[in-house]
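In what follows, a single structure is set out as structure tokens and then discussed.
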Amino acid sequence: MALLAFIDILLGVVGTVGMVYQVVCVLASFTAKPRKFPEAPRDKRYAVLISARNEEQVVGNLIDCIQNQTYPSGLIDIWMVADNCTDDTAGLARRKGCHVIERFDQTQIGKGYALTFLLNRMIDSGASKRYDAFFVFDADNKLDREYFAQMNNAFQSGFKILTSFRNSVNFDDNWVSSGSALWFVRESRFLNNSRMIFGSSCHVGGTGFMFSREIMERNSGWKFHLLTEDLEFTMDSILHGDRIGYCGTAILYDEQPVTFKQSWRQRLRWSRGFLQVFRYYGPALVRRAIKERDFSCVDLTLLICPFTALSVIRTVLAGVFIALGFVSLQSQLDSMNMWIVGGVASVLGMMLLAAITCIAERDKIDATNKELVAYCLSFPIYLLSYIPISFQAMFSKPGWKPIEHRGH
């Protein structure tokens, strides 16, 4: 049937383009020098926004990191929204000198709503006008002492939105934490770094990013409430013509899930959020890519394209057409053999990508060589588990649930 052939061609073309782009990004990262920003005056005032829900065990580490930066501490204020907390998260933050606002709302749950609540309070009180830009961190994060100084250099070079290098405090816990950590290190080194080389826009992760007061005022605070509010913020910014920058010398560490159950739950929310973002922003990105010849829109459309959903639709249609006698079972089995060959090649490619990532960023990865070999071999398992996760995301409503952090 022509419909099945069209879907096969679409998946093949988009998948091939995506793989070629990944290869180009890796080559560019090794052959071109990363962007370095000149030293800038340390005179900008920044607000740190933290949404914390029962994070008493870990948030003190982040606060200490922020207060011990090489950047002048008097120019950094910490604002925390203690979101539906039942522990002493709010009290701990107050004792450490933070501005703390408590929020209790069991209907609008999630980091996006918490950030909206926090920024609205800052806007209403007039406090937001004191700051040149706003940083967003998760409560489990830790920062390199030069983090703010490096981001300040990039900010004063002209970027209104910036993201940073995302590392992990528990890379070597097990194959689950290493899989997630490798994913983020790869994203920093081979995607965002290469995008800076190409002159296109990067995308922000859920933590370790900043935006100027101008961006905040344009958005009237924080207006992003999908399950992946960071990706929604990225797409909205791209559609406004903003170029999101990347500062690879500003290093952030966060804690990855260590159980497969936790990882599944987290990635289920992300996968559902990707579908939401594609639904609301995909068509507009495609239109802007065509009208403005904006490569960033092409890049980010590939990022959020629902490959798994298309594959599921194709499989269901094949089953229906076989049952109705429109196509033969043998023809579909032949197509499946091609996909199996492609799947094996993909697994080998994932292992290679993990190995290249480990080699490129060996000095930033806290694990032994023996552990890294094991984690490279297990990396495809981590990525392939996205297939059932993405399938479940099509039919479930996972909502926002916090990940338990142990502190490192």
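When you go through PHE171, PHE165, PHE159 one by one, which is the residue that is more than 14 Å from LYS364 (Cβ to Cβ) and not acidic (Asp, Glu)?
PHE159
Which of the following residues is open to solvent by less than 70 Å² (accessible area, probe 1.4 Å), hydroxyl-bearing (Ser, Thr, Tyr) and touching a Gly at 6+ places or on another chain (Cβ under 7 Å): THR301, THR308?
Answer to the check: THR301.
All but one of (1) open to solvent by less than 20 Å² (accessible area, probe 1.4 Å); (2) modelled with pLDDT of 95 or more; (3) of a type outside the set (Asp, Glu) hold for ARG130; which doesn't?
(1)
Tell me whether the range 64-71 contains one or more residues that are surrounded by fewer than 21 Cβ atoms within 10 Å (Cβ to Cβ) and in contact with a His (Cβ under 8 Å, 6 or more places away or on another chain).
For the range 64-71, residues surrounded by fewer than 21 Cβ atoms within 10 Å (Cβ to Cβ) and in contact with a His (Cβ under 8 Å, 6 or more places away or on another chain): absent.
May I ask you to verify whether ILE251 is among the β-branched types (Val, Ile, Thr) and open to solvent by less than 10 Å² (accessible area, probe 1.4 Å)?
Considered against the rule, which asks whether it is among the β-branched types (Val, Ile, Thr) and open to solvent by less than 10 Å² (accessible area, probe 1.4 Å), ILE251 comes out as no.
Could you list, in sequence order, all residues of the range 62-82 that are under 18 Å from TYR253 (Cβ atoms) and modelled with pLDDT under 95?
Those that are under 18 Å from TYR253 (Cβ atoms) and modelled with pLDDT under 95: none in the range 62-82.
Do we find that ILE109 is of a type in the set (A, V, I, L, M) and not in a loop (DSSP other than H, G, I, E, B) in this structure?
When the stated conditions are applied, ILE109 does not pass them.
Could you look through the range 133-161, keep only residues that are open to solvent by less than 10 Å² (accessible area, probe 1.4 Å) and outside any helix (DSSP H, G or I), and pick out the one that is farthest from THR228 (Cα to Cα)?
Out of the qualifying residues, it is ALA133.
Go through the range 349-382 residue by residue and tally those that are open to solvent by less than 30 Å² (accessible area, probe 1.4 Å), within 25 Å of ASP144 (Cβ to Cβ) and of a type in the set (S, T, N, Q).
1
Could you grab the pairs with beta carbons closer than 8 Å, sequence gap of 6+ or different chains, first residue in the range 188-214 and open to solvent by 10 Å² or more (accessible area, probe 1.4 Å) and assigned to a helix (DSSP H, G or I), second one at pLDDT below 95 and hydroxyl-bearing (Ser, Thr, Tyr)?
What qualifies is ARG189/SER29; ARG189/THR357; ASN193/SER29; ILE197/SER29.
Which number in (1) in contact with a Leu (Cβ under 6 Å, 6 or more places away or on another chain); (2) closer than 21 Å to SER385 by Cα marks the one condition that GLY208 misses?
Among (1) in contact with a Leu (Cβ under 6 Å, 6 or more places away or on another chain); (2) closer than 21 Å to SER385 by Cα, the lone unmet condition for GLY208 is (2).
Which residues, counting only those in the range 72-95, are outside any helix (DSSP H, G or I), among the aliphatic types (A, V, I, L, M) and crowded, with 20+ Cβ neighbours inside 10 Å?
The answer is ILE78, MET80, VAL81, ALA82.
The values are calculated or read from the model by the stated rules, or taken from the named source; none is laboratory data. Just so it is clear, the structure is predicted and the values come from calculations on it, not from any experiment. We place every Cβ from the backbone using ideal geometry, glycine too, and count neighbours over all the protein chains shown. Remember, those area values only see protein heavy atoms, side chains included, never the ligands or the DNA or RNA. Shrake-Rupley method; radii C 1.70, N 1.55, O 1.52, S 1.80 Å.
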